[in-house]
Amino acid sequence: MKYETGELLSERMSQPLTVAIVGCGEITAKRRAEQFQRASGVEIGVSMDVEPSLANDVADRVDCSVVTEYDELLEMDAIDVVYLATPHHLHAPQAIAGARAGHHVLVEKPIAVDLDSATAVIDACQDAGVTLGVCDTYRYRATYRRARELIETGYLGEIVGTKLTVWARKPDAYWDGGYTGRVETDWRKSMETSGGGILSTNVIHNVDAMNYLTGLEPERIACEYDTFASPVDVEDFSVATIRYKNGAIGIIEASSFLLDGPPEQTVRGDRVYGTDGELVIGDPLYVRTNEATDLGAGETFHELSVPALRPAGERLIEAFAESVHNGTEPPVSGEDGRDALELVTAAYTAGNTGSTVSVPQTEDDPPT
């Protein structure tokens, strides 16, 4: 953001932030463009994609201008924020370039494909004095917000365990065009360009949400992963165990070719276990406590009513805009994004080496 000083700065800060949408593929078309359009505190100034038809499609939906070169976009003084929804390996170089050009950065998860790149993004934004946010939206979901309130109030007692489950059956066509087939591309297939499979692409959301819910810090992780039924180089099935610094134990189960079913017999969702009860954080939210509380009788799972909220992405965008205006911490910071990536990266190292790996990794851990 190329703000001037004095009265002009104050005037600019009272206006909506002008956002450049960079990457007009699946997540932009399915969710973010509309969410930016509805969110307060922002306005869409330009859509950018190297494929002109995609940039024009989004521009037609939200009524903005179009560019097809990122360097051209970076020279536009009217742009306050670059929102990055490009293939994962482009996140770091584009975020760094955006920061150095004076623009705030909001990047889809993962923040980068490796920890060194994530650190470089954080450093570049700090050096440039711009705000960096990551679109890990799960912590803005209504059920996760209510779950955090229950944990903080003490209904579960001491937190002794977590379970992250992601079952997302992806057809073969997904790997060449996403769920919609709107864009023909194969970047999701490669570790180099995607950073990984189900862990990096999906579970990282749940990792960030669990960090937000519990505040637990991982100490070590063991993991096994492989590719069994998908035409890709990245993993499509993974199981991991986590030991947290407070002694709690975590489990990750994830697959991109299996379904957790049958639906009528399965309660889906991330789980938090405590000495006094447990949560199942899906849609809906369930709670069980050892003793009777104002939530209901003890030793029984209760479905909790959670007030409906506007889409998580829309509210995260508004919170990000507010953080820019106020100079405060963004809703999901670059450090938050790196923390989630750190656990996923350690899981890959553990799977590659057949060893338990420290989080963060140390010189004593085996190399990847």
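The values are calculated or read from the model by the stated rules, or taken from the named source; none is laboratory data. The shown structure was predicted, so the numbers you read here are calculated from the model rather than taken from an experiment. Note that each Cβ is placed from the backbone with ideal geometry, even for glycine, and that neighbours are counted across all protein chains shown. The area values use the complete protein model at the heavy-atom level, side chains included, leaving out ligands, DNA and RNA. Shrake-Rupley method; radii C 1.70, N 1.55, O 1.52, S 1.80 Å.
Some points to look at:
- Given (1) buried (at least 19 other Cβ atoms within 10 Å of the Cβ); (2) without any contact (Cβ under 8 Å) to a residue 40 or more places away in the chain, number of the condition ILE204 does not satisfy: (2)
- Yes/no for THR345 being among the polar types (S, T, N, Q), open to solvent by 10 Å² or more (accessible area, probe 1.4 Å) and under 17 Å from the mean Cα position of the chain (by Cα): yes
- Taken over segment 45-68, the criterion of being hydrophobic (A, V, I, L, M, F, W, C), within 22 Å of PRO311 (Cα to Cα) and either surrounded by 23 or more Cβ atoms within 10 Å (Cβ to Cβ) or touching a His at 6+ places or on another chain (Cβ under 8 Å) (or both) is satisfied by VAL58 alone.
- Sub-7 Å Cβ pairs linking a first residue in segment 84-100 that is free of Cβ contacts under 8 Å to residues at least 60 places away in the same chain to a second residue that is assigned to a loop (DSSP other than H, G, I, E, B) and not aromatic (Phe, Trp, Tyr), at least 6 apart or interchain, are HIS91/ILE111; HIS91/ALA112; ALA92/ALA112; ALA99/VAL130, ordered by first then second residue.
- When residues of segment 158-201 are limited to those that are assigned to a helix (DSSP H, G or I) and touching a strand residue (DSSP E or B) at 6+ places or on another chain (Cβ under 6 Å), the one surrounded by the fewest Cβ atoms within 10 Å (Cβ to Cβ): ILE198
- GLU253 meets the conditions (1) in a loop (DSSP other than H, G, I, E, B); (2) touching a Ser or Thr at 6+ places or on another chain (Cβ under 7 Å); (3) acidic (Asp, Glu) in every case but one. The failed one is (1).
- Residue among GLU322, GLU299 that is at positive phi and surrounded by fewer than 16 Cβ atoms within 10 Å (Cβ to Cβ): GLU299
- Residue selection: TYR286 satisfies the criterion of being open to solvent by less than 70 Å² (accessible area, probe 1.4 Å) and part of a strand (DSSP E or B).
- Check on THR153, hydroxyl-bearing (Ser, Thr, Tyr), without any contact (Cβ under 8 Å) to a residue 60 or more places away in the chain and more than 28 Å from GLU235 (Cβ to Cβ): yes
- Residue within segment 113-121 that is closer than 19 Å to TRP187 by Cα, among the hydrophobic types (A, V, I, L, M, F, W, C), surrounded by fewer than 21 Cβ atoms within 10 Å (Cβ to Cβ) and free of Cβ contacts under 8 Å to residues at least 60 places away in the same chain present: no
- Criterion (touching an Asp or Glu at 6+ places or on another chain (Cβ under 8 Å), in contact (Cβ under 8 Å) with a residue 12 or more places away in the chain and surrounded by 15 or more Cβ atoms within 10 Å (Cβ to Cβ)) met by exactly one of ASP270, ASP276, ASP260: ASP276
- Checked against (1) of a type in the set (Gly, Ala, Ser); (2) crowded, with 16+ Cβ neighbours inside 10 Å; (3) not in a helix (DSSP H, G or I), ALA308 meets all criteria but (2).
- Restricting the first member to segment 35-54 and to residues that are at positive phi, and the second to residues that are charged (D, E, K, R) and surrounded by fewer than 21 Cβ atoms within 10 Å (Cβ to Cβ), the beta-carbon pairs closer than 8 Å and six or more apart or on different chains are GLY41/GLU318; GLY41/GLU322.
- Single condition ASP365 does not satisfy, out of (1) surrounded by fewer than 16 Cβ atoms within 10 Å (Cβ to Cβ); (2) modelled with pLDDT under 95: (1)
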